[in-house]
1. Within the stretch 9-31, which residues are assigned to a helix (DSSP H, G or I), open to solvent by 90 Å² or more (accessible area, probe 1.4 Å) and either over 19 Å from Met44 (Cα atoms) or touching a Leu at 6+ places or on another chain (Cβ under 9 Å) (or both)?
2. Which one of the conditions (1) modelled with pLDDT of 95 or more; (2) open to solvent by less than 30 Å² (accessible area, probe 1.4 Å) does Ala62 fail to meet, given that it meets all the rest?
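The values are calculated or read from the model by the stated rules, or taken from the named source; none is laboratory data. All figures in this text were calculated on a predicted structure; none of them were measured in a lab. Positions of Cβ are generated from backbone atoms using ideal geometry, with glycine treated the same way; all protein chains shown enter the neighbour counts. These accessible areas exclude ligands, DNA and RNA; they are computed on the full protein's heavy atoms, side chains included. Shrake-Rupley method; radii C 1.70, N 1.55, O 1.52, S 1.80 Å.
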Amino acid sequence: MGFINNAKADVATKAAADAYQAGRQILTFKIIEANTSHRATGLMTGVGEQIEAIEAQGWFLANMAAAEGKALSGDRTALVCLFRRRQ
């Protein structure tokens, strides 16, 4: 995992830990894939790492939706992930 993906996982970890500490029951988090081409089939670089980082803080992925759009360097896929607090 590269520097940018590590930084994204760190942001996910902090957001998840803060929400858990605050007693939140639901966490909605947007993950933007790092791949430069959304038209290719394959791994969505950095996505799994961010989901794992959030789940490590006591959440589980309950729902996910995807949308495509422009980012600074081209088309990207954004995943809107709804996590619920692990009981």
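1. Matches in the stretch 9-31: Lys14, Gln21.
2. If we test Ala62 against (1) modelled with pLDDT of 95 or more; (2) open to solvent by less than 30 Å² (accessible area, probe 1.4 Å), just (2) comes out false.
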